[in-house]
1. Based on this model, can you work out whether residue 11 counts as within 9 Å of the ligand (Cβ to nearest atom) and assigned to a loop (DSSP other than H, G, I, E, B)?
2. For the range 21-70, how many residues are in contact with a strand residue (DSSP E or B) (Cβ under 8 Å, 6 or more places away or on another chain), outside any loop (DSSP other than H, G, I, E, B), in contact (Cβ under 8 Å) with a residue 40 or more places away in the chain and away from the ligand (no atom under 11 Å from the Cβ)?
3. Against the condition loosely packed, with under 14 Cβ neighbours inside 10 Å and in contact with a helix residue (DSSP H, G or I) (Cβ under 9 Å, 6 or more places away or on another chain), how does residue 58 come out, does it pass?
4. Among the residues of the range 8-28, are any at pLDDT below 95 and more than 9 Å from the chain's Cα centre (by Cα)?
Ligand code: SF4
């Protein structure tokens, strides 16, 4: 999977970094999302999906990586 982050929508709530800290971080200045692993390893997918679901700004989306969900 690939993570798509719309930083224009992100309000810096930090739920993503709290939920999947290996994949998401936040900018030190304004708190907006930093995607550390745009193509996260499979072991993180459950947490990544939860992070996408809990984002209050709907700033995160998922797409298959290279057309294949691996
Ligand atoms: S949970 Fe959503 S709004 Fe909050 S920092 Fe992450 S992407 Fe931004």
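The values are calculated or read from the model by the stated rules, or taken from the named source; none is laboratory data. Because the structure is a prediction, the values reported are computed rather than measured. Positions of Cβ are backbone-derived with ideal geometry, glycine not excepted, and every protein chain shown enters the neighbour counts.
1. Values: within 9 Å of the ligand (Cβ to nearest atom): yes; assigned to a loop (DSSP other than H, G, I, E, B): yes.
Judged against the criteria, residue 11 is a match.
2. The qualifying residues number 4.
3. On the way: loosely packed, with under 14 Cβ neighbours inside 10 Å: yes; in contact with a helix residue (DSSP H, G or I) (Cβ under 9 Å, 6 or more places away or on another chain): yes.
So residue 58 fits the description; yes.
4. Kept after step one, since they are at pLDDT below 95, are these residues of the range 8-28: 13.
Filter once more, so that each one left must be more than 9 Å from the chain's Cα centre (by Cα): 13.
Yes; the residues of the range 8-28 include at least one that is at pLDDT below 95 and more than 9 Å from the chain's Cα centre (by Cα).
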